[in-house]
Amino acid sequence: MRQVQIAAGMLVLTGVLLGFIVHPAFFGLSAFVGAGLTFAGATGFCGMARLLQAAPWNRPVRA
């Protein structure tokens, strides 16, 4: 869950910074992440957690 929080926070921060510096359309990135977090809280399904679960650094090490 910590990885999800870090990734979501970084995406929101990136969207806000790019929105101010590059183009206001980048605020949509922050809105998309916020909508995803709201959906995850309401339903219990977090797509970002599913993606991070399949990441190579989250797989068990075979001995």
Report task. Quick one: count up the residues across segment 1-54 that are outside any helix (DSSP H, G or I) and either under 10 Å from the mean Cα position of the chain (by Cα) or modelled with pLDDT under 85 (or both). Result -> 2
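Out of 45, 39, 20, I need the residue that is free of Cβ contacts under 8 Å to residues at least 12 places away in the same chain and surrounded by 13 or more Cβ atoms within 10 Å (Cβ to Cβ). Which one? Break it down into steps so the answer makes sense when it comes.
Details: 45 fails: surrounded by 13 or more Cβ atoms within 10 Å (Cβ to Cβ); 20 fails: surrounded by 13 or more Cβ atoms within 10 Å (Cβ to Cβ).
Matching residue, one of 45, 39, 20: 39.
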Report summary line: Scanning segment 15-42 residue by residue, the ones that are closer than 16 Å to residue 5 by Cα and of a type outside the set (A, V, I, L, M) total 8
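The values are calculated or read from the model by the stated rules, or taken from the named source; none is laboratory data. Given the structure is predicted, the values throughout are model-derived calculations rather than measurements. In this analysis, Cβ positions are derived from the backbone assuming ideal geometry, glycine residues included, and neighbour counts consider all displayed protein chains.
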